[in-house]
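What follows is a short report on a single structure.
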Amino acid sequence: MGGGSINDARRLYTSEGIFFAKINTASEFPGMLEAEADGLSFLAKHSSFKIPGVAGTGVTNDQQWILMEHISSSSRKKGYWETFGCQMAEMHRSTNEEFGYDKTNYLGSLVQKNNYKKTWAEFFVEVRLAPLLEMARQKGEASQEMVRLFEKLFSRAEKYFPEEPPAAVHGDLWTGNFMTDEDGNATIFDPASYFGHREMDLGMSQLFGGFDPIFYSAYNEAYPLEKDWQERLDIANLYPLLAHLTLFGGSYAFKIISILRKKV
């Protein structure tokens, strides 16, 4: 099956039914598919979405694999986006004492550490932005101006987001990581989950195409967002943009610097 740029994806027809499998090199991305299984469990625990069930994970001859429930797609039922927005709002109400998660996982093919921090500003700077900025700098992708602007942002990080309790977030909520299931409802997958600021998911949802405006209206009615939330999404998206800069270089640097010039 197509659709992914990281894993070999297969639909398996077996005597026990149809399954979906992902395969990758264990030595290149250690623990990636075990982390995906854990993330799917996280989504199932903290949301009412129908999440693909995991039949198993393992490593065979340096090939790691995950075998999961196969979900067929269908047309969207009436009220699709309203339900989707309400379910995401419900998931974001699931909370934790601190920001972070007790496991390391992946954002795409990048290792994502989730060390707990008491405040979102600490977590956003120390666990999310600073490590990727250093990685980009070492690769020659972060200019002196970019580093200077990020340092300015770091020094005033607490002013950018409203104080809210940690929310159970998907962590990689773009248009490629949801689909319509057999019942006509949204299902989400490929998580990079942790307890973070809920605006991180909303920012990511708009980064590569965006969701229907009805999604945001329904979300905001179910779990009202703080004033000027749309203005903060660019700041939230500095994290996935830095990830893409680290992986692919090029034009992402211009986008990052444009945001920083406007916001810091």
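The values are calculated or read from the model by the stated rules, or taken from the named source; none is laboratory data. A quick note: this is a predicted structure, and the numbers were derived from the prediction, not measured. For neighbour counting, all protein chains shown are included, and Cβ atoms are generated from backbone atoms with ideal geometry for every residue, glycine included.
Residue 52 meets all of the listed conditions (1) closer than 21 Å to residue 10 by Cβ; (2) part of a loop (DSSP other than H, G, I, E, B); (3) over 20 Å from the mean Cα position of the chain (by Cα) but one, namely (3).
Within segment 229-259, the only residue that satisfies the criterion of being of a type in the set (D, E, K, R), crowded, with 18+ Cβ neighbours inside 10 Å and more than 16 Å from the chain's Cα centre (by Cα) is 232. Any chance segment 145-163 includes a residue that's among the charged types (D, E, K, R) and surrounded by 14 or more Cβ atoms within 10 Å (Cβ to Cβ)? No. Has segment 31-41 got any residue that is surrounded by fewer than 19 Cβ atoms within 10 Å (Cβ to Cβ), of a type in the set (Ser, Thr, Tyr) and assigned by TED's automatic domain parsing to the domain that holds residue 224? There is no residue in segment 31-41 that is surrounded by fewer than 19 Cβ atoms within 10 Å (Cβ to Cβ), of a type in the set (Ser, Thr, Tyr) and assigned by TED's automatic domain parsing to the domain that holds residue 224. State whether one or more residues within segment 86-95 are modelled with pLDDT of 95 or more, part of a loop (DSSP other than H, G, I, E, B) and in contact with a Phe, Trp or Tyr (Cβ under 9 Å, 6 or more places away or on another chain). Yes - at least one qualifying residue is present in segment 86-95. Residue count for segment 139-156 satisfying the condition of being modelled with pLDDT under 95 and part of a helix (DSSP H, G or I): 0. Report whether or not residue 22 is under 27 Å from residue 201 (Cα atoms), among the basic types (Lys, Arg) and surrounded by fewer than 19 Cβ atoms within 10 Å (Cβ to Cβ). Against the criterion (under 27 Å from residue 201 (Cα atoms), among the basic types (Lys, Arg) and surrounded by fewer than 19 Cβ atoms within 10 Å (Cβ to Cβ)), residue 22 does not qualify.
Looking only at residues in segment 56-82 that are buried (at least 18 other Cβ atoms within 10 Å of the Cβ) and over 19 Å from residue 204 (Cα atoms), the one that is modelled with the lowest pLDDT is 71. If you go through segment 201-226 and keep only what is in contact (Cβ under 8 Å) with a residue 12 or more places away in the chain and assigned to a loop (DSSP other than H, G, I, E, B), you end up with 208, 209, 210, 211, 212, 223, 225, 226.
Here segment 174-200 is the region considered, the condition is being in a loop (DSSP other than H, G, I, E, B) and charged (D, E, K, R), and the residue that is modelled with the highest pLDDT is 198. Restricting attention to segment 169-185, which residues are touching a strand residue (DSSP E or B) at 6+ places or on another chain (Cβ under 7 Å) and more than 26 Å from residue 99 (Cβ to Cβ)? Once the filter is applied, which keeps residues that are touching a strand residue (DSSP E or B) at 6+ places or on another chain (Cβ under 7 Å) and more than 26 Å from residue 99 (Cβ to Cβ), segment 169-185 yields 179, 180, 181.
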